[in-house]
1. Set the bar at 26 Å for Cα to Cα. Now go through LYS424/LYS457; LYS330/LYS457; LYS330/LYS353 and name every pair that lies beyond it.
2. Show me the ranking of peptides 308-316, 178-186 by mean Cβ neighbours inside 10 Å, starting with the highest.
3. Using a ≥ b ≥ c from the Cα gyration tensor of segment 300-396 (square roots of the eigenvalues), is it rounded, prolate or oblate, where a/c under 1.5 gives rounded and otherwise the larger of a/b and b/c decides, a/b for prolate?
4. If I compute solvent accessible area with a 1.4 Å probe over the protein chains, what percent of it on segment 359-405 is carbon and sulfur?
5. Counting other C-beta atoms within 10 Å, and keeping those with at most 12, which DSSP coil trypsin sites (Lys or Arg not before Pro) do you find in segment 304-411?
6. Which order do the peptides 94-102, 127-135, 282-290 come out in when sorted by mean C-beta neighbours inside 10 angstrom, highest first?
7. With a 1.4 Å probe and all protein chains left in place, how much accessible area per residue does segment 344-448 have, in Å²?
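The values are calculated or read from the model by the stated rules, or taken from the named source; none is laboratory data. Bear in mind the structure is a predicted one, so any value in this text is a computation, not a measurement. Neighbour counts are summed over all protein chains in view; Cβ atoms, including those assigned to glycine, are modelled from backbone coordinates with ideal geometry. We work out accessible area using only protein heavy atoms, side chains counted, and drop any ligands, DNA or RNA first. Shrake-Rupley method; radii C 1.70, N 1.55, O 1.52, S 1.80 Å.
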Amino acid sequence: MGSTPRFRIALEILGMALTYVFLARVGHSFSAESNGISPLWLPSGVSLALVVYRGKYLLTGVFLGSLLLNCWAYIDFSTLFTIFPGLGAAFLTGVGDLICVGLGVWALERCGGIAGVFRSIRGLGVFMGYGVAAGALVSTVLGATGLLLVGKVAGGDAVTSGAVWFLGDAAGVLLLAPFLLSFTLDDEELPRGDAGLSERLALGLLVFALPMVSPLLRTVDLEFRMDFMVSPLLLTVLLRAGLRPALGAAVCLVAVQLFLLKQQETFGLSVNMTPIALHLLIAVNTVSLLVVGALLWQQREMLAKAVEEATHDALTGLLNRRSGIPRLEKELSRSVRYGSPLSLVIFDIDHFKDVNDNYGHAQGDAVLRDFSRLANRDLREHDMLARWGGEEFLLMLPATDLAGAGMRAERLRNQIAEASLGGKHRVTISAGVAQLKRGMGIDDLLASADRALYAAKERGRNRTELAGSPVPYD
């Protein structure tokens, strides 16, 4: 049994190596250069996503895959003296690809995973600086050195080839890794919109269609770059459908452009899209989506925080009076519509001013927090507990009659009497209970519970009183 995980890991490393080779061959098919440098290096972004998802042990597979691929491409077996330069070039390129992916993994760890890239401009900056730029630069330097070593490029072409290498590697990481890693997060963890399926499909069709319109227009001598007009469309996809569909649309856009580049002689179309222009398209679109997506997330978080502060009591975390009233109104309407009972309990901590005066407001706050925790512990799904003001709390009990609400209030009163709130204080509570009656509104129901609470205080506190009951609740 102990050898099974090692065997599985070995299989995954082998799978990673073969995946790297396969993706590299696909990437080479897009190259218009004799040296095989691709305008979009697929293995870099896909490998980074797989290593982050499965574990760092797959870095071994990245190195082996790159080494195997470049041995295949560089080594000339005609003589012994031509083997070693090719092997050295393959090793340098493998190390460069390993460092490229490794820096991407390290950058994502620093910014808290891919969620940090999607939610923070700082996290995106770390990923762009280390995972995209630095990783691609190391890969380029070592890879270009290998090309020079085996004579794949002349010295004068090294800078140009290196630039395409760098941009292709960086584009692969920037475009593919965030898109693939977005599937490791739930929809709620991503910036998202509220567009329906039909709107998403329409936006997706436009993303596909616009790049194809540009070469068609040039057949009738209309020079107009429709492909860059997709950028605002992608932002619309982000705002309406969410970040993952927008990144997917950006990936599809690049796939269309790569296809058109390979097929530009077919049907006499002139795409006029150079590798540098493609890199610019990828950078502008992807960075824009990630920046706007992070800003949207931060805006949503600030809005959620503002709503939380406006609707909840800062000390206890319970609903406040302002947000409790709409809940009461909604539940009252439901009770009237279906004829189900609805009861309220208003609690008041007895002699709470003495706690503040004798022990300080910090201890008073601790008592309020502990009371809230105990009162909130046994709530049902549709019950509501709110801080009504000061040391006064309101408990709404749907589908509960007056007797049932009285029993709930008594149970809590006994629990509080036996507990030490704030770590050391024994306090008691008084409770007033009222049930909704025909013709009552919210104000009437609250007034009825408040009168019952006042009666409990008048009769000695530490007791529960039922509104309209002639017999004290003992």
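1. Over 26 Å Cα-Cα: LYS330/LYS457; LYS330/LYS353.
2. Numbers: 308-316: 14.1, 178-186: 18.1.
Packing order, densest peptide first, comes out as 178-186, 308-316.
3. On the way: a/c = 2.53, a/b = 1.43, b/c = 1.76.
Note, shape of segment 300-396 comes out oblate.
4. Answer for segment 359-405 is 46 percent, counting heavy atoms of protein chains only.
5. Here the trypsin sites (Lys or Arg not before Pro) that fit, given the DSSP loop and packing criteria, are ARG377, ARG380.
6. Values: 94-102: 24.8, 127-135: 22.2, 282-290: 20.4.
Averaged packing, sorted descending, gives the order 94-102, 127-135, 282-290.
7. Here the per-residue accessible area is 45 Å².
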